[in-house]
Amino acid sequence: MNFNNEQEFFQYIRESLKRLNADTTRLQEGKGHLDHPEDLIILDGTQGANRALQAINDTAKNPKTITIKWDGYPALIFGHGPDGKFSIMDKHMFNKTDGSGRKVYSPQDFINYDKARGVDRAELNGIISNIWSGLQKASQGTKGYYWGDLLFGNPLKDDKGLYKFRANPNGIAYTVDVDSEIGKLLTGKKAGIAVHQYIDSSAATTDDAKPLNGGIGQLKNDSDIAIVPSAMPTTPNVQLDSKLLSNAKSAISKYGAAAEKLLTTAPQARNTFNQLFTTFINKQIVAGDVSNLSQKFMDYFETRPMTPAMKQKLSDHLNANKAGIAGLFAIWAAVYALKQSVVEQLAAAAEQSPVKGYLQSGKQSQEGFVSQGLKFIDRMGFSAQNLAGRQ
């Protein structure tokens with residue numbers, strides 16, 4: 001298969017992995033992914049909502065641990081297992097319960113692994129082959145695995161003092177000042193990967209991953225692959241809006257019990273029921289409208305395809321818990337508003353970085369930020385663009 005440019009190549013890889021590794025367990029993003037603070041009311045009820053508030057508060061208190069969320073693709077895990085052997089895999093291979101996905105010790109093993117399950121990922125195989133030796137050298141002498149996102153797969157060219165690349169065709173276009181510290185790190189490299197988490201060699205799944213807090217762990221930048229950190233350019237000064245914080249606390253106190261009842265007594269598996277709400281929210285994000293969510297959700301529900309029997313059961317449940325629906329979205333909106341005020345402060349701090357990100361509209365933007373195990377993203381910016389592109 002031929003591609004006209006690197007963007008088409010990454011688009012093919014992205015769509016192929018999406019088809020092969022679809023996982024709709026949480027937020028249709030799959031195990032191992034980070035959640036939005038506001039979505040925790042849906043995923044974990046009032047306990048989740050309170051955890052979101054605590055995470056937002058801890059973010060303001062511990063700004064040095066906030067990192068930039070690079071928009072790279074594909075996500076890869078690489079490093080050394082308990083036997084000391086080096087491997088590269090995706091998260092689905094890592095999480096495979098029989099352990100076979102981690103027993104990939106060469107590019108050819110990667111190809112053979114796919115052949116054994118009747119899959120052909122020729123373009124991804126090319127990426128793995130291209131970066132294998134460089135990542136093996138960068139991780140020499142380390143233990144455990146590193147999780148990161150590929151930023152570019154070919155040497156970058158100096159374009160009037162800037163390096164330019166976009167790994168995700170639906171996401172952020174980056175420019176990097178070639179004379180900056182990051183720019184010098186990328187110079188002459190045939191690929192770059194932004195690392196963000198460490199996984200112990202004995203970890204059961206990617207759920208055991210731990211943040212690198214902006215660093216690159218024990219990795220070394222001594223190979224032909226750039227290992228890119230995710231530290232903020234300057235430590236941001238995050239101030240929580242007292243009114244927005246009070247509104248969020250009040251919403252949880254006032255509506256939490258009704259929302260909890262809605263979620264815990266549904267006549268459907270919890271994950272599946274959750275997805276009614278998260279899929280609806282993503283739809284509204286793409287539409288650019290998160291107002292009056294309760295009424296719009298009921299209209300949305302009527303359009304959802306399902307068996308008549310389940311449709312009736314859910315309809316009865318939703319109509320009997322309208323207070324819970326209104327309460328759930330009131331909590332979601334209050335936490336979202338508080339989080340968004342933090343995102344805006346982080347985005348302002350990131351503008352000082354020699355790494356600039358841009359939406360398709362030309363607006364300067366990072367994909368988002370990571371703090372306290374959650375992702376802080378402007379969902380009306382990056383998320384809306386990315387989701388629309390995927391549709």
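Points worth noting:
- Tallying residues that are of a type outside the set (D, E, K, R) and without any contact (Cβ under 8 Å) to a residue 24 or more places away in the chain within region 170-186 yields 1.
- Pick from region 113-133, criterion free of Cβ contacts under 8 Å to residues at least 24 places away in the same chain and either charged (D, E, K, R) or not in a helix (DSSP H, G or I) (or both), ranking: farthest from residue 88 (Cα to Cα): 118
- Among the residues making up region 224-265, a single one is modelled with pLDDT of 95 or more, hydroxyl-bearing (Ser, Thr, Tyr) and within 27 Å of the chain's Cα centre (by Cα): 264.
- Failed item, numbered, when residue 282 is tested on (1) closer than 27 Å to residue 65 by Cβ; (2) of a type in the set (S, T, N, Q); (3) in contact with a helix residue (DSSP H, G or I) (Cβ under 7 Å, 6 or more places away or on another chain): (1)
- Test: residue in region 89-97 that is over 21 Å from the mean Cα position of the chain (by Cα), free of Cβ contacts under 8 Å to residues at least 12 places away in the same chain and under 16 Å from residue 151 (Cα atoms): no
- The residues listed here are 137, 164; of these, the one that is surrounded by fewer than 21 Cβ atoms within 10 Å (Cβ to Cβ), outside the structural domain of residue 384 (by TED's automatic domain parsing) and not in a helix (DSSP H, G or I) is 164.
- Of the residues making up region 352-380, those that are part of a loop (DSSP other than H, G, I, E, B) and touching a Pro at 6+ places or on another chain (Cβ under 9 Å) are 352, 353, 354, 372, 373.
- Of 295, 268, all but one fail to be under 28 Å from the mean Cα position of the chain (by Cα) and either under 30 Å from residue 386 (Cα atoms) or modelled with pLDDT under 95 (or both); the exception is 268.
- Per-region count, region 112-128, residues of a type in the set (Val, Ile, Thr) and either outside the structural domain of residue 82 (by TED's automatic domain parsing) or within 22 Å of residue 192 (Cα to Cα) (or both): 2
- Those residues of region 170-196 which are modelled with pLDDT under 95, buried (at least 21 other Cβ atoms within 10 Å of the Cβ) and not hydrophobic (A, V, I, L, M, F, W, C), in sequence order: 171, 174, 196
The values are calculated or read from the model by the stated rules, or taken from the named source; none is laboratory data. Predicted model only: the values in this text are computed from it and were never measured. Cβ sites come from the backbone with ideal geometry, for glycine too, and all protein chains shown count toward neighbours.
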